[in-house]
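The values are calculated or read from the model by the stated rules, or taken from the named source; none is laboratory data. Being a predicted model, the structure only gives us computed values, none of them experimental. Heads up, the Cβs are rebuilt from the backbone with ideal geometry, glycines too, and the neighbour counts pull from every protein chain shown.
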Amino acid sequence: MTGADPRSPWPVARLDPIARLRVVEAVLPGVAATEVVIDAPFDRVWGYVTDLERSVAQFDSLVRRVRIRSRAPVAGGGEAIDLQAWGTGSPLAMVFDVRLEEGLCLMRARGRLFFVGMAAVPDGARTRFRHAEGVPLPGGRLLRPVFRRTAHGDLTRIARTVAGPQR
């Protein structure tokens, strides 16, 4: 809880982006997550991660290429993005609907075949970052250990890239 609305007797609860991602994870079967603190400021980390066409193929071992097909502002802030992602070893692209806000990126493949979530919050001069991915279908639960490892590897590569000297 972060305060109260002076016009209402009810307390106001607000969730930071990482807490919001945890809520999404809780309702999607087959999604696994990992969280780290990256030794780099939030603006550098979030700026790198949200340069989707450039960064995703650099840090995600399952992705070879990303292309944004369209983007539009969303009421209340953020963007709706339509993108294609080509996996390593696959000639076919998956189409994702993306909701991008400050500190939160939710990516859902059409047909609910795959989900990716990234969230970040400042932690002093560092950044707390959470990454989730998986198959949000009932049988996807069996793949959670695999997705936990790939998400951890992605976070390791993000941290290595952004924690270096400022570019």
Have a look at Met118, Met94, Met107 and point out the one that is in contact (Cβ under 8 Å) with a residue 40 or more places away in the chain and closer than 23 Å to Leu28 by Cα. Met118
Go through (1) touching a residue at least 40 places away in the same chain (Cβ under 8 Å); (2) crowded, with 16+ Cβ neighbours inside 10 Å for Ser61 and report which single condition fails. (2)
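Yes/no per residue for (1) modelled with pLDDT of 95 or more; (2) in a helix (DSSP H, G or I):
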site: Ala26; (1), (2): no, yes
site: Glu35; (1), (2): yes, no
site: Ala40; (1), (2): yes, no
site: Val45; (1), (2): yes, yes
site: Tyr48; (1), (2): yes, yes
site: Glu53; (1), (2): yes, yes
Which of the residues spanning region 70-85 are farther than 15 Å from Cys105 by Cβ and not in a loop (DSSP other than H, G, I, E, B)? Ser70, Ala72, Pro73, Gln84
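Select from region 117-137 the residues that are among the small types (Gly, Ala, Ser) and either surrounded by fewer than 17 Cβ atoms within 10 Å (Cβ to Cβ) or within 12 Å of Ser61 (Cβ to Cβ) (or both) and list them in ascending order.
The first filter runs over region 117-137 and keeps only residues among the small types (Gly, Ala, Ser), leaving 117, 119-120, 124-125, 132, 134.
Gly124, Ala125, listed by residue number.
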Condition check for Arg20: surrounded by 14 or more Cβ atoms within 10 Å (Cβ to Cβ) and either outside any helix (DSSP H, G or I) or touching a residue at least 12 places away in the same chain (Cβ under 8 Å) (or both): yes
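Matching residues to (1) surrounded by 20 or more Cβ atoms within 10 Å (Cβ to Cβ); (2) at pLDDT 90 or above; (3) not basic (Lys, Arg):
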position: Arg69; (1), (2), (3): no, yes, no
position: Thr88; (1), (2), (3): no, no, yes
position: Met94; (1), (2), (3): no, yes, yes
position: Glu101; (1), (2), (3): no, yes, yes
position: Gly139; (1), (2), (3): no, no, yes
position: Ile158; (1), (2), (3): yes, yes, yes
position: Pro165; (1), (2), (3): no, no, yes
